[in-house]
1. List the helices (runs of 4 or more DSSP H) inside region 82-136, counting only whole elements, that have at least 1 residues being under 17 Å from the mean Cα position of the chain (by Cα) and in contact (Cβ under 8 Å) with a residue 40 or more places away in the chain.
2. In this structure, does Ala11 turn out to be under 14 Å from the mean Cα position of the chain (by Cα) and either under 25 Å from Leu134 (Cβ atoms) or surrounded by 14 or more Cβ atoms within 10 Å (Cβ to Cβ) (or both)?
3. Contact list please: Cβ distance under 6 Å, first residue in region 20-32 and of a type in the set (Asp, Glu), second residue assigned to a strand (DSSP E or B), pairs at least six apart or on different chains.
4. Looking at Phe71, Phe101, which one is hydrophobic (A, V, I, L, M, F, W, C), touching a strand residue (DSSP E or B) at 6+ places or on another chain (Cβ under 6 Å) and closer than 25 Å to Pro8 by Cβ?
5. Please name all residue pairs, on different chains or six or more residues apart, with Cβ atoms under 6 Å, provided the first residue is in region 44-71 and is under 23 Å from Ala31 (Cα atoms) and the second residue is in a loop (DSSP other than H, G, I, E, B) and modelled with pLDDT under 95.
6. Can you name every residue in region 71-116 that is loosely packed, with under 14 Cβ neighbours inside 10 Å and of a type in the set (Phe, Trp, Tyr)?
7. How many residues, within region 40-79, are outside any strand (DSSP E or B) and in contact with a Pro (Cβ under 8 Å, 6 or more places away or on another chain)?
8. Name, by its number, the condition in (1) over 28 Å from Val32 (Cβ atoms); (2) at pLDDT 95 or above that does not hold for Leu92.
Amino acid sequence: MAALHIHPRSAEVFTVLNGTLYTEMVPESGAVDAAGNQRVVKLTLGPQMMTVFPIGSLHMQMNPGCEPAQFVAAFTTEDPGAGLIAPETFALDDDFIVTTFGGAIAKKDIAKIRKEVPQGPFIRVQECRKKCGLTG
């Protein structure tokens, strides 16, 4: 799984070459659906299908099955940048985190959460590894 991230300086054109990839994308704040909820674009892409992640949009990709998948990503600038949402959020001061989450995360739990947050751009989902027979 590609962790929830943004590209602050570029849009991304994401094309699946083979296999299947599931994506979710959250456009900017204020982009709402008919019911007034934050808009979330959810797509399952197969071979030769593509989507665009607008500049600065939160997005992720995941292979939902056990078959290998390949994709190509193209950007509108040579330096798109990348921001990993969870590690960057939990790098903030504890008081900012508590406030950001409306108190739903207790200050006493932040160090434990911070330790568990994956730091890289790709996350190995243990449930998926088990389902596909990749556990060692």
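The values are calculated or read from the model by the stated rules, or taken from the named source; none is laboratory data. Remember, it's a predicted structure, so these values are computed and weren't measured experimentally. Quick reminder, even Gly has a Cβ in these numbers, built from the backbone with ideal geometry, and neighbours come from all protein chains shown.
1. So the answer is 85-89, 126-131.
2. no
3. The qualifying pairs are Glu24/Lys42; Glu24/Met60.
4. Exactly one of Phe71, Phe101 is hydrophobic (A, V, I, L, M, F, W, C), touching a strand residue (DSSP E or B) at 6+ places or on another chain (Cβ under 6 Å) and closer than 25 Å to Pro8 by Cβ, namely Phe71.
5. As it stands, the answer is Ser57/Pro27, since those pairs meet every condition given.
6. Of everything in region 71-116, those that are loosely packed, with under 14 Cβ neighbours inside 10 Å and of a type in the set (Phe, Trp, Tyr) turn out to be Phe96, Phe101.
7. Taking region 40-79 as the starting set, the residues that turn out to be outside any strand (DSSP E or B) are 40, 46-49, 54-57, 63-69, 76-79.
Okay, now just the ones that are also in contact with a Pro (Cβ under 8 Å, 6 or more places away or on another chain), so 54-57.
Residues flagged as outside any strand (DSSP E or B) and in contact with a Pro (Cβ under 8 Å, 6 or more places away or on another chain) within region 40-79 amount to 4.
8. If we test Leu92 against (1) over 28 Å from Val32 (Cβ atoms); (2) at pLDDT 95 or above, just (1) comes out false.
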